[in-house]
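Report on the following structure.
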Amino acid sequence: MDLDSLTLAYAYGCRNAGDFAINEGALALLSRAAPEADVTAVSRFAAESPEFQRMADELDDELTLVGGPITYDPERQSRPAQFAALAHNGLQYGVDLAGVAEGQSVHSALYDRITDGDALLFNGGNAIHHSPSHGNLPYLLAMLYPLQVARRNDVPYGLLPQTTFALEGVAERLVRPILDDAAFVMTRDATTFDYLSEFGLSTQLINGVDTAFLNGTPSASEPSDGESSRIAVVPRFSTLGDTGELDEAGVRMEGAFLTYLERLVDAGHEVTLTVQTEIDEAWADRHRDRLDDVGVGYYESYDPDELRAHYAEMDLLVTMRLHAAIFALSVGTPTVGVYRPEWGPKMPGTFRTLDIPDYALPWDEATAETLEAVTEDALEEGRGSHSVSPTT
């Protein structure tokens with residue numbers, strides 16, 4: 001099949017370096033696989049939003065960016081505005097998918113883009129899930145919109161590497177036929193591959209990795225000499241897409257994390273708190289005085305290339321964010337991942353894929369003492385092997 005035009009749903013925002021790295025990797029893949037194709041990227045956000053404009057400013061001028069189906073924004077809208085957005089989005093969604101307006105102008109511009117293209121690719125990430133901490137069915141419906149349009153109009157589509165989990169009830173009934181009818185479904189971690197393998201899908205299921213791994217990277221630096229090491233740490237004290245108030249587990253882990261940082265500095269290590277999302281910037285600002293008093297350094301960037309270079313200068317990364325791990329591991333820096341099961345399997349599943357599962361710790365095991373122990377183990381592995389990633 002000739003691919004003269006492709007639609008990529010979605011191009012994520014610029015508030016998170018990991019999301020933007022997914023975009024870069026997906027576009028790099030398309031430039032190699034279909035170099036002559038005219039690519040239209042669909043933003044998660046409406047064309048009038050500031051997030052859309054930031055995305056447009058960052059992407060290649062030759063790439064067309066169009067607004068997405070989601071105007072619902074619980075982080076910024078009042079409850080009445082949220083209901084109004086859902087009603088508007090749902091009405092357009094229904095008109096587009098019902099097929100009652102063939103040949104008429106009431107279809108959305110996004111519908112026309114998708115149906116006029118030769119194929120649709122759904123960008124990588126973890127957009128297709130329905131976890132207890134992100135169980136918003138209208139949001140899931142909106143995210144699935146481009147796939148539904150393609151499926152109902154016989155436009156071939158495939159899914160780039162996904163983390164998918166916790167589909168049950170209505171959510172599973174919505175997603176399963178979409179996966180079944182895809183040309184292919186790629187997973188970005190071993191746990192998702194195992195999970196979707198149990199679905200008995202008729203499509204090709206491919207065990208892959210996050211597209212952020214597909215970008216060019218610099219070389220890692222030599223490990224530090226002696227007992228003092230350069231350690232980057234990346235926090236994440238938020239739910240999926242929302243800071244909110246910390247629950248009991250979050251408060252406990254926040255205390256353990258801050259104690260751990262103090263002990264690292266007391267042991268003579270050079271510690272840098274690294275921020276690559278706006279949510280984490282807000283957390284760092286709240287704790288800036290304490291971190292400064294302890295002697296923790298600070299580095300902030302939302303540019304994937306800058307972050308890769310930053311992590312390449314480190315002897316170790318300890319991170320609660322997957323894409324920080326991806327940036328560091330891709331430049332040869334040993335990495336420890338800390339995660340909450342509610343965030344889904346992307347961290348432990350990716351570490352399984354890379355054959356380093358012992359360096360992924362769930363929150364309920366990540367005390368200050370266990371973090372210190374795994375830090376010393378990872379540093380020792382890094383000093384001894386000079387390998388691309390720590391081994392178990």
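The values are calculated or read from the model by the stated rules, or taken from the named source; none is laboratory data. As the structure is a prediction and not an experimental result, all values here were calculated from the model. A quick note on method: Cβ atoms are made from the backbone with ideal geometry, for glycine too, and the neighbour counts reach across all protein chains shown. Ligands, DNA and RNA are excluded from the accessible area calculation, which covers all protein heavy atoms including side chains. Shrake-Rupley method; radii C 1.70, N 1.55, O 1.52, S 1.80 Å.
Those residues that are open to solvent by 20 Å² or more (accessible area, probe 1.4 Å) and farther than 17 Å from residue 235 by Cα, I need them from the range 346-373; list them, please. Passing the criteria: 352, 353, 354, 355, 357, 358, 369, 373. Of the set (1) within 16 Å of the chain's Cα centre (by Cα); (2) at pLDDT 95 or above, all apply to residue 237 but (2). Do you know which residues across the range 171-200 are polar (S, T, N, Q) and within 12 Å of residue 161 (Cβ to Cβ)? Selection gives 187, 192. Within the range 1-44, the set of residues being among the small types (Gly, Ala, Ser), outside any loop (DSSP other than H, G, I, E, B) and either out of contact with any helix residue (DSSP H, G or I) (no Cβ under 6 Å at 6 or more places or on another chain) or open to solvent by 30 Å² or more (accessible area, probe 1.4 Å) (or both) comprises 5, 31, 33, 41.
Picking from residues in the range 205-229 that are farther than 22 Å from residue 351 by Cβ and either among the hydroxyl-bearing types (Ser, Thr, Tyr) or modelled with pLDDT of 95 or more (or both), the one that is surrounded by the fewest Cβ atoms within 10 Å (Cβ to Cβ) is 219.
Taking residues in the range 17-31 that are without any contact (Cβ under 8 Å) to a residue 40 or more places away in the chain, and partners anywhere that are of a type in the set (Lys, Arg) and outside any helix (DSSP H, G or I), not one pair has Cβ atoms closer than 9 Å while being at least 6 places apart or on different chains. Residue 304 meets the conditions (1) open to solvent by 10 Å² or more (accessible area, probe 1.4 Å); (2) under 21 Å from residue 278 (Cβ atoms); (3) at pLDDT below 95 in every case but one. The failed one is (1).
Being more than 21 Å from residue 214 (Cα to Cα) and hydroxyl-bearing (Ser, Thr, Tyr), is that true of even one residue in the range 46-58? Yes; the residues of the range 46-58 include at least one that is more than 21 Å from residue 214 (Cα to Cα) and hydroxyl-bearing (Ser, Thr, Tyr). Checked against the criterion of being within 21 Å of residue 261 (Cα to Cα) and touching a strand residue (DSSP E or B) at 6+ places or on another chain (Cβ under 8 Å), the range 339-355 contains one or more residues that satisfy it. Checking the structure you have, find out if any residue of the range 231-253 is open to solvent by 20 Å² or more (accessible area, probe 1.4 Å) and touching a strand residue (DSSP E or B) at 6+ places or on another chain (Cβ under 7 Å). Looking for residues that are open to solvent by 20 Å² or more (accessible area, probe 1.4 Å) and touching a strand residue (DSSP E or B) at 6+ places or on another chain (Cβ under 7 Å), one finds none in the range 231-253, hence no. Only residues that are touching a helix residue (DSSP H, G or I) at 6+ places or on another chain (Cβ under 6 Å) and open to solvent by 20 Å² or more (accessible area, probe 1.4 Å) were counted in the range 264-298, giving 3. Just one of the listed residues (209, 149, 175, 185) is aliphatic (A, V, I, L, M), closer than 30 Å to residue 309 by Cβ and touching a residue at least 12 places away in the same chain (Cβ under 8 Å), namely 209.
Within the range 106-121, restricting attention to residues that are in a helix (DSSP H, G or I) and buried (at least 21 other Cβ atoms within 10 Å of the Cβ), the residue that is modelled with the lowest pLDDT is 110.
Kindly indicate whether residue 76 is modelled with pLDDT of 75 or more, more than 28 Å from residue 207 (Cβ to Cβ) and among the basic types (Lys, Arg). Here the answer is no, as residue 76 does not meet what is asked.
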